[in-house]
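The values are calculated or read from the model by the stated rules, or taken from the named source; none is laboratory data. As the structure is a prediction and not an experimental result, all values here were calculated from the model. Because the Cβ atoms are built from the backbone with ideal geometry, glycine has one as well, and the counts that use them run over all protein chains shown.
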């Protein structure tokens with residue numbers, strides 16, 4: 001099982017912090033001397049940053065590199081790592097700052113360029129297989145739950161739904177494969193009106209007939225062999241894993257961390273049924 005998303009983000013920050021600390025020590029500069037050069041009253045802030053207890057900004061990296069006399073190459077490398085660390089964790093407040101439409105458009109390029117998409121969902125239907133009505137209901141809930149504040153909420157909601165529906169045309173790409181894995185109870189949980197849910201199940205049956213789409217369902221009564229349900233996550237090709245949490249998204253790109261998610265995917269995938277997936281969906285429709 002991968003480390004928790006919060007610990008992954010913290011570990012990445014601590015790796016960067018350790019590099020700043022080692023660079024200062026290699027330059028023969030004490031914490032007190034560094035603080036004096038930085039114009040700070042004492043070394044407490046420097047210590048907190050070097051221990052990974054404070055968010056490391058671009059300005060912090062530039063400051064360390066300037067005081068420690070880092071080369072241009074090292075400065076570039078550290079700034080690149082800072083950007084990666086900063087991009088790992090995105091709160092919903094940050095993601096939705098430009099409205100739901102902006103949030104949807106921000107990820108479009110990923111879907112345009114990938115060749116293999118893997119999506120695990122333990123609670124809801126993946127956005128790429130949602131009907132328009134299901135998406136509208138889900139996003140209306142997002143507006144309330146995540147406190148999305150825009151000038152024209154109705155217009156933003158309509159534009160966001162349209163953007164997601166347009167993004168689903170990527171399923172037509174013959175050079176990409178789409179794997180969707182879900183827990184069976186996703187078929188049964190009805191957060192929205194019965195007709196919306198029924199149409200969603202019918203749409204899922206249609207989507208899974210596509211030659212480049214595979215839908216696997218983990219039956220509720222299957223023997224899980226100690227493999228527990230996880231938070232929702234997506235794997236883009238083999239270079240990025242994105243985890244969906246209650247407060248935001250975590251994106252990991254380190255090969256060793258992505259590999260942990262691909263291994264987790266393989267374990268969950270091994271629990272799924274494919275031959276009987278349609279029958280499970282139809283049974284949920286008859287409820």
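How many residues, within region 105-130, are touching a helix residue (DSSP H, G or I) at 6+ places or on another chain (Cβ under 9 Å) and either buried (at least 21 other Cβ atoms within 10 Å of the Cβ) or in a strand (DSSP E or B) (or both)? Summing the residues that are touching a helix residue (DSSP H, G or I) at 6+ places or on another chain (Cβ under 9 Å) and either buried (at least 21 other Cβ atoms within 10 Å of the Cβ) or in a strand (DSSP E or B) (or both) in region 105-130 gives 9. Taking first residues from region 123-152 that are outside the structural domain of residue 248 (by TED's automatic domain parsing) and partners that are surrounded by 19 or more Cβ atoms within 10 Å (Cβ to Cβ) and part of a loop (DSSP other than H, G, I, E, B), no Cβ contact under 9 Å between residues at least 6 apart in sequence or on separate chains turns up.
Among the residues of region 220-258, write down those that are closer than 14 Å to residue 180 by Cα and in contact with a helix residue (DSSP H, G or I) (Cβ under 7 Å, 6 or more places away or on another chain). 233, 235, 236, listed by residue number.
Here's the yes/no breakdown for (1) surrounded by 16 or more Cβ atoms within 10 Å (Cβ to Cβ); (2) closer than 20 Å to residue 86 by Cβ:
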{"position": "25", "(1), (2)": "no, no"}
{"position": "28", "(1), (2)": "no, no"}
{"position": "32", "(1), (2)": "no, no"}
{"position": "35", "(1), (2)": "yes, no"}
{"position": "52", "(1), (2)": "yes, yes"}
{"position": "55", "(1), (2)": "no, yes"}
{"position": "67", "(1), (2)": "yes, no"}
{"position": "72", "(1), (2)": "no, no"}
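Looking only at region 236-287, residues that are within 21 Å of residue 91 (Cβ to Cβ), in a helix (DSSP H, G or I) and without any contact (Cβ under 8 Å) to a residue 40 or more places away in the chain come to 0 in all.
Taken over region 181-197, the residue count meeting the criterion of being assigned to a helix (DSSP H, G or I) and either within 18 Å of residue 276 (Cβ to Cβ) or in contact with a helix residue (DSSP H, G or I) (Cβ under 6 Å, 6 or more places away or on another chain) (or both) is 5. Looking across region 56-72 at every residue that is within 30 Å of the chain's Cα centre (by Cα) and in a helix (DSSP H, G or I), the one that is modelled with the lowest pLDDT is identified as 58. Counting only residues that are under 20 Å from the mean Cα position of the chain (by Cα) and at pLDDT 90 or above, region 141-170 holds 8 of them.
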